[in-house]
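*Asks:* Please see the structure below; I have some questions.
The values are calculated or read from the model by the stated rules, or taken from the named source; none is laboratory data. No experiment lies behind these values; they were computed from the predicted model shown. Please note: Cβ atoms are built from the backbone with ideal geometry, for glycine as well, and neighbour counts cover all protein chains shown.
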């Protein structure tokens, strides 16, 4: 019976085996990595297709993609978008942060993080996010980032700051009507009435047939106590759109401020005919009737206003009407 040789392989043969191992296995792992990358790419492209038609399916595919390649930044980014579409904003922020960590130059993520934080009610964080986007893209000619940051400032009560951002947006996009509108509203809320008048005039130049811009300009004049100018603007607004109840209501207030009570009452009546569900209309008409010494008519209107959920006249009702 022959014996099995236990002699070690010759040095030359051992070297040949090691060399074969060193050549074959790196090639194997390289091939495996390439296959994994291809698989992740395929999953991502399938997920991208489903993103607009089946968000949950897209998330499932992106989960698989990330399992294949944990450094696939676009997978995190688009899964964040998918979560955002499902209103799962905290999950979307987690994915946006991961994508941003993998690629700090992906500045658009600041915008998406801003949207997510805004929808979570975290306005300060949203403001910071939009500011970071602007820092990295100061001349973004879409001007959208300035509008978004302006809106955040507006909602936080920083009307002056909002105006600054809207000014920049208007400079970048001077013919964008809505940007001029946002700027007007911020100026009005900031009580910068002279500038607000100019902004309203700009809007009228852009769209002269829209009644609303004459109406807004009338409101500015009313707040400045330039009641004749306010009435003139409300007149134009009514000519442009005779079915807008607010134009009659606010013109009535200007007439009442001028003590032209019959004209005011006529406008309040018209406003109520057009929109009888607004308690503030009945309240104002009640005040007008009271100034005209029609105490019963005033109390009736104040009572209707209360029935519609407008309780500003509650003290007057108790003091004046209940004492009848």
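*Asks:* Within region 66-102, can you find the residues that are touching a helix residue (DSSP H, G or I) at 6+ places or on another chain (Cβ under 7 Å), surrounded by 15 or more Cβ atoms within 10 Å (Cβ to Cβ) and outside any helix (DSSP H, G or I)?
*Replies:* 69, 72
*Asks:* Still on this structure, I have one more. Evaluate region 21-32: report whether one residue or more is at pLDDT 90 or above and assigned to a helix (DSSP H, G or I).
*Replies:* No, region 21-32 contains no residue that is at pLDDT 90 or above and assigned to a helix (DSSP H, G or I).
*Asks:* Tell me yes or no: at least one residue of region 170-190 is outside any loop (DSSP other than H, G, I, E, B), at pLDDT below 90, more than 26 Å from residue 247 (Cα to Cα) and touching a helix residue (DSSP H, G or I) at 6+ places or on another chain (Cβ under 6 Å).
*Replies:* yes
*Asks:* Determine whether residue 213 is under 29 Å from residue 173 (Cα atoms), crowded, with 17+ Cβ neighbours inside 10 Å and modelled with pLDDT under 95.
*Replies:* No, not satisfied.
*Asks:* Within region 192-211, how many residues are in a loop (DSSP other than H, G, I, E, B) and touching a helix residue (DSSP H, G or I) at 6+ places or on another chain (Cβ under 8 Å)?
*Replies:* 4
*Asks:* Of the residues 157, 161, 150, which is surrounded by fewer than 17 Cβ atoms within 10 Å (Cβ to Cβ) and not assigned by the TED database to the domain that holds residue 224?
*Replies:* Just one listed residue meets the conditions, 157.
*Asks:* Of all residues in region 112-130, which are surrounded by fewer than 21 Cβ atoms within 10 Å (Cβ to Cβ) and either in a helix (DSSP H, G or I) or within 11 Å of the chain's Cα centre (by Cα) (or both)?
*Replies:* 115, 118, 119, 123, 124, 125, 128
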